[in-house]
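The values are calculated or read from the model by the stated rules, or taken from the named source; none is laboratory data. No experiment lies behind these values; they were computed from the predicted model shown. Using ideal geometry, Cβ is built from the backbone for each residue, glycine included, and neighbour counts are taken over all protein chains shown.
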Amino acid sequence: MPSQRMVGLPVVAVVGRSGVGKTSFLERLVPALRARGLAVGCVKHASHGFLADRPGKDSYRLAASGADAVALASRHQIATFRSAVVPPELEVPLVAALATLPRDLDLVLAEGFSWEPVARLVLVARGDEPSPDYLRAGPVIAVVEVPPHPEQSAPLFAPALVARIARRLAARARARARAASRPTPLAPRRQDLH
């Protein structure tokens, strides 16, 4: 059975083809979960790569000098940069990204990472069928049909749909938290028969 917890964090992936509306959906789902009292983290798979730091900046220069990791901190944000060390034909595993997040999150929503064995919401355009790959890797919580929208605009998800999924995910996160907080039963002690 695939693990729903990675690095001690409960994770749900939001998967679907590129451009279907995963980020737009998450932009509506995160506040709905926060309104239910959950601390929510997000991890996005950048399939085309990215460079978070910029050449010429002090943090970039420190990394270029050979530092294994560089943290950039202000009163508003903290960011940690480190190089991903994986063979070019592989992707960075979700567990590596999760290891960078705080441990006190109630739920992490992973955008992408469709190959990872975690629970998932599968987004499909209205009238399309979900890719079998999205259905195989982990348990499917729901298939979400994305309403039609013009190419240049984000899809508008019905508030009732977002609320229903948020309720479901909040219930899952709370059930996992209750299960994790239960004390482990102690093994019965052997009685000395002498």
Q. Touching a strand residue (DSSP E or B) at 6+ places or on another chain (Cβ under 7 Å) and modelled with pLDDT of 90 or more: does that describe Ser114?
A. yes
(Q) If I ask for residues that are more than 16 Å from Glu111 (Cβ to Cβ) and assigned to a loop (DSSP other than H, G, I, E, B), which ones from the stretch 132-175 would you list? (A) Pro139, Pro147, Pro148, His149, Pro150, Glu151, Gln152, Ser153, Leu156, Ala158
**Q.** Pairs where the first residue, in the stretch 24-48, is more than 21 Å from Glu145 (Cα to Cα) and hydroxyl-bearing (Ser, Thr, Tyr) and the second is in a loop (DSSP other than H, G, I, E, B) and at pLDDT below 90, C-beta under 6 Å, 6+ apart
**A.** none
Q. Looking only at residues in the stretch 8-30 that are out of contact with any strand residue (DSSP E or B) (no Cβ under 9 Å at 6 or more places or on another chain) and within 29 Å of Leu72 (Cα to Cα), which one is modelled with the lowest pLDDT?
A. Gly8
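Per-residue answers, yes or no, for (1) in contact with a Pro (Cβ under 9 Å, 6 or more places away or on another chain); (2) on the phi > 0 side of the Ramachandran plot; (3) crowded, with 21+ Cβ neighbours inside 10 Å:
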site	(1), (2), (3)
Ala99	no, no, no
Arg120	yes, no, yes
Ala125	yes, no, no
Leu135	no, no, no
